[in-house]
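Accompanying notes for the structure given below.
The values are calculated or read from the model by the stated rules, or taken from the named source; none is laboratory data. Fair warning: this is a prediction, and the values are worked out from it, not measured in the lab. Note that each Cβ is placed from the backbone with ideal geometry, even for glycine, and that neighbours are counted across all protein chains shown.
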Amino acid sequence: MRKIILLIFSILFIVTSCKQASGDPDLAWVDDVGARNTPSGTDVWNVTDWGAVADGETLNTFSIQEAIDACFEAGGGIVTFEPGEYLTGSIYLKEGVHLIIPEGVSILGSHNIEDYPDIPTRVAGIEMVWPSALINVIDQKNVKISGKGEVDGQGKPFWDKYWEMRREYEAEGLRWIVDYDCKRPRTVLISDSEDVTIKDITLKRAGFWTIHLLYSDYCTVDGVIIRNNIGGHGPSTDGIDIDSSSHILVENCDIDCNDDNFCLKAGRDADGLRVNRPTEYVVIRNCISRSGGGLFTIGSETSGGIRYVLAHDLKAEGTTVGLRFKSAMNRGGTTSHIYLQDIEMNNVGTAIEASMNWNPAYSYSELPEKYEGTELPEHWDKMLEKVEPAEKGIPYFNNIHFTGITATNAKRAFNVSGSETSLMENFYLSDINIDAERGGSIKLASNWEVNNAIIKTLDNKPVDITESENVSIPFSKDVFMFSYFMGNGADGLHLAYSNDGLKWEAFNDGQSLLKPQVGKDSLMRDPSIVQDNKGIFHMVWTTGWWDQHIGYASSADLINWSEQRTIPVMYHEPETKNCWAPELYFDKESELFYIIWASTVPGKFPEIPTSESEKGLNHRQYYVTTKDFKSFSETKLFFDPGFSVIDAAIIKKNGLYWMILKNENSAPAEKNLRVVFTDDLTKGFPINVSENISGDKWAEGPSPIQIGEYVYVYFDKYRDKRYGAIRSKDGKVWEDVSEQIEFPSVTRHGTAFRITNEEFNILKEATK
């Protein structure tokens, strides 16, 4: 009851927040979605009793279907399985049947398309003859599928067939029809049915769409796991497609697929307009998407209209697009009254995307000249039928609400494009926080209402808004900062700033902002600064040439610092010669700080040839972790590539960790930068590093920062007494951009980081 009350309260909040902007939306329907009834029969029909063999090789279609039919004829009940693997073609559930797939049971889809009989259905927006699904509920009511077992579509042979046909068809100018000619089985089809429940099962390797709810009402999909990216990436392996259906509830699902994760459809082109059946009254909640084309997608089949949809408490991790609206200028239909609330996205390609002209090669059908005058399949004729008048094909998107949307590490914030005849209008955005490489673009839109929105971009450029009316997206511009030392580090912390990451100017007229007070030599070399999730800056530094500790202080504003103290990171190794160039890395998700530095522990590693001036130095990277700089993990070896290594700095881009480091070997002299990667920081980095990425000049103190799609690495060309820079999009191909940058001439080994423009202005005021 409490959950129901909270949900109603949440809905009322949405209604209240939207009233002023969009009239008085009616969300009373939210309580009326999902299956109203489930099978109540308790008698059990075990497929083994009907001859099914759980060896993964025997085709059991007939035996399983006989058990289902017997259960139905007896008035309903449970059909279930003994543990094992059951190979089958299409099976058809009937009224009152509860199919239970227990843990330890795998239903395996046949590789033979002949085991999936053709039926009249709708596929990708067109009514046509197409193979049955693996599990079918057609023209039934009161049916349930549940259990902790799995259904494996074994779809790879169908994927391979599609790609082979795709190559052939594209060469013939037939991209628009190949998806329809290549017949592939869906995993679960619910068609022309009501009161159907799918709960808890795991679905794998769909040949085509995984769950297709078609022309159905009052259905529930709850706790379903979909894993299609096993042994490859199947084309069009959507997760859950809700197609011209109503009163649908989807909740607690976890989807990893290769196309749209949760997708709403309503037919396409002339055939979809003929059917003219909407998708409406849909709730999707408490779900997560991983790989896939879109966390939440509407389209591209929009002909019948899509309306009254509430999606909330969703998460996306690595999905190509977060919130996606797509159609084409021959689809028609209106999408409206869409409410998207409390959605988190991480490492997505584009956070919010809307297109009226999606994928033209697929969306628009043109018959090549060589086929003119020939007899064509019926579904070809449907695809080629022109929408008349053409105005009927214009889609409309309006009254779309986004509330509580968060995106981190996105590549692009917006990719929105309407048409001259149909603007993307009446979008309402509130409590939006998007952190992306670039802002992207909004084109041909009108009347957007934006409240409490923050858009931050790594390229420091706002969203590009063109050919639009009453559309404005707030933009928070960062200032790039660089912490460094001068001379031998005796005078302390210095800062430089930049608006573009290229031209850097000394802050505070080049005067020190913090004098060193700890260490035998009282130095502040190699200052490394990061900012935590609460806005506090943390700094570590080299306190002296031959110390066994590092320095630490914190600040809320980069001006007023805490009492300086030392962290005794190498006291447990009394022979340790030094602690050089500590670097801080802050993992925002775990809120864990990594402190990484270089030390020489005599006799710890095989000796290497050294120059006379560096005799006895053989560095490796060590580390500790902390959450509060009060308690620390045990000091451990962090990186041993088999050579003397210092100055390791870490940056994360699109889920991949890059570590840039210096090869410190001196006989013969290397003195250059290398890079290595890992996708799991807790497991460390592989020891096989790249070749030299910094050129023929001696280099040290790499400092990486992402600006747009590039990772820039600034470094000290210490023999030349100047700074250099390289950049890369992928960590493999590097471009020297040293001639494009300017640093104060006295800059020595530091770190680059960002602060908001507001923080920078406070900093300036404090130093006047």
3 or more residues acidic (D, E) and touching a residue at least 40 places away in the same chain (Cβ under 8 Å): qualifying strands (runs of 3 or more DSSP E) within the stretch 43-145: none
Residue tally, condition touching a strand residue (DSSP E or B) at 6+ places or on another chain (Cβ under 8 Å), surrounded by fewer than 19 Cβ atoms within 10 Å (Cβ to Cβ) and touching a residue at least 40 places away in the same chain (Cβ under 8 Å), over the stretch 224-238: 1
Total residues in the stretch 223-279, condition within 21 Å of the chain's Cα centre (by Cα) and among the polar types (S, T, N, Q): 7
Qualifying residues in the stretch 715-768 (those that are in contact (Cβ under 8 Å) with a residue 60 or more places away in the chain, outside any strand (DSSP E or B) and hydroxyl-bearing (S, T, Y)) - the one farthest from G655 (Cα to Cα): T767
Test for W658: is it more than 22 Å from K615 (Cα to Cα) and among the aromatic types (F, W, Y): yes
Candidate set from the stretch 484-498 (those that are more than 16 Å from S555 (Cβ to Cβ) and touching a Ser or Thr at 6+ places or on another chain (Cβ under 6 Å)); member that is surrounded by the fewest Cβ atoms within 10 Å (Cβ to Cβ): D491
Strands (runs of 3 or more DSSP E) contained entirely in the stretch 552-599, each with at least 2 residues that are in contact with a Leu (Cβ under 7 Å, 6 or more places away or on another chain) and within 19 Å of L681 (Cβ to Cβ): 592-599
Within the stretch 505-542, tally of residues that are buried (at least 22 other Cβ atoms within 10 Å of the Cβ), in contact with a Pro (Cβ under 7 Å, 6 or more places away or on another chain) and either without any contact (Cβ under 8 Å) to a residue 60 or more places away in the chain or not in a strand (DSSP E or B) (or both): 6
Subset tally (residues that are modelled with pLDDT under 95 and not in a strand (DSSP E or B)) for the stretch 426-469: 5
Strands (runs of 3 or more DSSP E) enclosed by the stretch 250-367 - at least 3 residues per element that are crowded, with 20+ Cβ neighbours inside 10 Å and among the small types (G, A, S): 350-355
L134, sole failed condition from (1) within 21 Å of S191 (Cα to Cα); (2) touching a helix residue (DSSP H, G or I) at 6+ places or on another chain (Cβ under 8 Å): (2)
Checklist (1) more than 22 Å from D640 (Cα to Cα); (2) crowded, with 19+ Cβ neighbours inside 10 Å; (3) at pLDDT below 95 applied to A553, failing item: (3)
Filtered residues of the stretch 288-315 (kept if closer than 18 Å to I225 by Cβ, modelled with pLDDT of 95 or more and among the hydroxyl-bearing types (S, T, Y)): S289
Enumeration of residues in the stretch 600-635 that are of a type in the set (K, R), modelled with pLDDT of 90 or more and assigned to a loop (DSSP other than H, G, I, E, B): K604, K627, K630
